[in-house]
Amino acid sequence: MRINLLKVVFSSVFILFFLLLVATYAQLFIKLDWNNLLGLLITEEVLFSIRFSLGTSLTALVLAILVSIPTAYVLARYPFFGSKAVESLFYLPVFLPPLISGLALLLLFSSGGGRWLAEQGWDFIFSFRGVIIAQFFVAAPYAVRSFQTAFQAVDRSYEEAAETLGDSPAKVFMKITLPLSATGLFAGSLLAWARALGEFGATIMLAGMTRMQTETLPTAIYLNMSLGDLDSAVAVAVIMLILAMVLVLCLQFILFKKQRIDHYQ
């Protein structure tokens, strides 16, 4: 019997990597203070960070969707000279450390235009608005990339047929393009939300780490660790891990359903 060496090697790497992931994240549950778990989770600070993170990340997600849909559609449907160079700029936050994006945002909002907005009551530095902008800035590129791929996957013949029948471009987009790309749009939205929810570097640069004011879940972990409160930090980390697992499972389910639909088509 001939041994499939490639399968053996690749399977071994697969198993080792899987065990590494399991062993790593299992440490959070091992270190979790189960006896005092409820007490840790219902503290005012933890409840604030949960509400604040969900509120700011969902707001950032809405902004990302509103901006990314037209941006991705232009990139997918209206090629122009230098479009690849412009496209790379939209994806720059993905490849840059979030601290650099946060520093750039801080410089932007501390300049003339940012100071004018602050004078009008729209301050972004060390405020909840800064958290939303930082989360939006790092999450939007993930939405743009996913949305662009979803739009490119739509068969242009359907859109052209609708246009031939007299439908306006806006109607074609609403009735044809959006429904056919809905799965990709939803999957991209999940990715963007996960990125916004876990944002840390850009947030602390622009909004700081003020307890009970700009304290997101990742910030709460850092603050508790810096004070030596390992139990609270682990409890918050487990919350984030569970949220991430839910988002990953939802994404996997969406992709699985899409693959089955594509297979039967």
Filtered residues of the range 109-157 (kept if exposed (fewer than 14 other Cβ atoms within 10 Å of the Cβ) and not small (Gly, Ala, Ser)): ARG115, TRP116, GLU119, GLN120, TRP122, ASP155, ARG156
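Would you mind finding the one in PHE147, PHE124 that is outside any helix (DSSP H, G or I) and touching a residue at least 60 places away in the same chain (Cβ under 8 Å)?
Sole residue among the options that is outside any helix (DSSP H, G or I) and touching a residue at least 60 places away in the same chain (Cβ under 8 Å): PHE124.
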The residue that is farthest from the chain's Cα centre (by Cα), considering only those in the range 181-190 that are part of a helix (DSSP H, G or I) and surrounded by 17 or more Cβ atoms within 10 Å (Cβ to Cβ), is THR183
Answer with yes or no whether ALA196 is assigned to a helix (DSSP H, G or I), small (Gly, Ala, Ser) and buried (at least 16 other Cβ atoms within 10 Å of the Cβ). yes
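One line per residue, one yes/no per condition, for (1) at pLDDT below 95; (2) loosely packed, with under 15 Cβ neighbours inside 10 Å; (3) outside any helix (DSSP H, G or I):
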position	(1), (2), (3)
LEU47	yes, yes, no
ILE50	yes, no, no
THR56	no, no, no
VAL62	no, yes, no
ILE65	no, no, no
VAL74	yes, no, no
PRO79	yes, yes, yes
VAL86	yes, yes, no
PRO93	yes, no, no
Residue that is nearest to ARG195 (Cα to Cα) [pool: residues in the range 95-108 that are free of Cβ contacts under 8 Å to residues at least 12 places away in the same chain and surrounded by 13 or more Cβ atoms within 10 Å (Cβ to Cβ)]: LEU96
Tell me which residues, restricted to the range 161-176, are under 34 Å from the mean Cα position of the chain (by Cα) and outside any helix (DSSP H, G or I). SER168
Please enumerate the residues belonging to the range 27-45 that are aliphatic (A, V, I, L, M) and surrounded by 11 or more Cβ atoms within 10 Å (Cβ to Cβ). LEU28, LEU32, LEU37, LEU40, LEU41
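So that you can scan it fast, the table gives a plain yes or no per residue for (1) without any contact (Cβ under 8 Å) to a residue 40 or more places away in the chain; (2) hydrophobic (A, V, I, L, M, F, W, C):
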| site | (1), (2) |
| --- | --- |
| ILE15 | yes, yes |
| LEU19 | yes, yes |
| LEU28 | no, yes |
| ASN35 | yes, no |
| GLY39 | yes, no |
| GLY55 | yes, no |
| TYR78 | yes, no |
| GLY82 | yes, no |
| PHE90 | no, yes |
Please tell me if GLY39 is out of contact with any Cys (no Cβ under 7 Å at 6 or more places or on another chain) and on the phi > 0 side of the Ramachandran plot. no
Considering the range 201-236 alone, what residues qualify as being touching a residue at least 24 places away in the same chain (Cβ under 8 Å), assigned to a helix (DSSP H, G or I) and surrounded by fewer than 20 Cβ atoms within 10 Å (Cβ to Cβ)? GLY201, LEU230, ASP231
Restricting the range 194-241 to residues that are acidic (Asp, Glu) and touching a Ser or Thr at 6+ places or on another chain (Cβ under 9 Å), the residue that is nearest to TRP122 (Cα to Cα): GLU215
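The values are calculated or read from the model by the stated rules, or taken from the named source; none is laboratory data. Everything quoted here is computed from the prediction, not taken from an experiment. So basically every Cβ, Gly included, is an ideal-geometry build from the backbone, and we count neighbours across all protein chains shown.
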